[in-house]
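The values are calculated or read from the model by the stated rules, or taken from the named source; none is laboratory data. On a predicted model such as this, the values are computed, not experimentally measured, just so you know. All Cβ positions, even for glycine, are placed from backbone atoms using ideal geometry, and neighbour counts span all protein chains on display. Just the protein is used for accessible areas: all its heavy atoms, side chains included, with ligands, DNA and RNA removed. Shrake-Rupley method; radii C 1.70, N 1.55, O 1.52, S 1.80 Å.
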Amino acid sequence: MPMHLVVTAHTTNGPLSHQRTSPEGALEKAQELEAEGHDRVVITDITGRDYAPPEFDSLFLNPGT
């Protein structure tokens, strides 16, 4: 079953959001947005909780690292 994740970055033109259906895709998009220099990049899960990309990675993709 696909997940519902929203990746949001704050840009000079306002918030920019992208939907993703996998943790890997969400983290990849978040890292891409950070590399582009966008501020306050977060990944939001279906419960509305926000995660910074490193936190999301350690909780959902690489626990225990």
When the stretch 1-28 is checked residue by residue, the ones that are closer than 16 Å to residue 58 by Cα and out of contact with any helix residue (DSSP H, G or I) (no Cβ under 6 Å at 6 or more places or on another chain) are 22, 24, 25, 26, 28
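Can you pull out the residues in the stretch 42-55 that are among the hydroxyl-bearing types (Ser, Thr, Tyr) and either touching a strand residue (DSSP E or B) at 6+ places or on another chain (Cβ under 6 Å) or open to solvent by less than 40 Å² (accessible area, probe 1.4 Å) (or both)?
Step one: of the stretch 42-55, the residues among the hydroxyl-bearing types (Ser, Thr, Tyr) are 44, 47, 51.
Of everything in the stretch 42-55, those that are among the hydroxyl-bearing types (Ser, Thr, Tyr) and either touching a strand residue (DSSP E or B) at 6+ places or on another chain (Cβ under 6 Å) or open to solvent by less than 40 Å² (accessible area, probe 1.4 Å) (or both) turn out to be 44, 51.
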Looking only at residues that are surrounded by fewer than 14 Cβ atoms within 10 Å (Cβ to Cβ) and in contact with an Asp or Glu (Cβ under 9 Å, 6 or more places away or on another chain) in the stretch 1-10, which one is modelled with the lowest pLDDT?
3
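Considering only strands (runs of 3 or more DSSP E) fully contained in the chain, which possess at least 1 residues that are without any contact (Cβ under 8 Å) to a residue 24 or more places away in the chain?
Details: elements: 5-11, 14-20, 39-44.
Result: 14-20.
Residue-wise test of (1) open to solvent by less than 90 Å² (accessible area, probe 1.4 Å); (2) more than 12 Å from the chain's Cα centre (by Cα).
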{"site": "12", "(1), (2)": "no, yes"}
{"site": "16", "(1), (2)": "yes, no"}
{"site": "24", "(1), (2)": "no, no"}
{"site": "34", "(1), (2)": "yes, no"}
{"site": "37", "(1), (2)": "yes, yes"}
{"site": "40", "(1), (2)": "no, no"}
{"site": "57", "(1), (2)": "yes, no"}
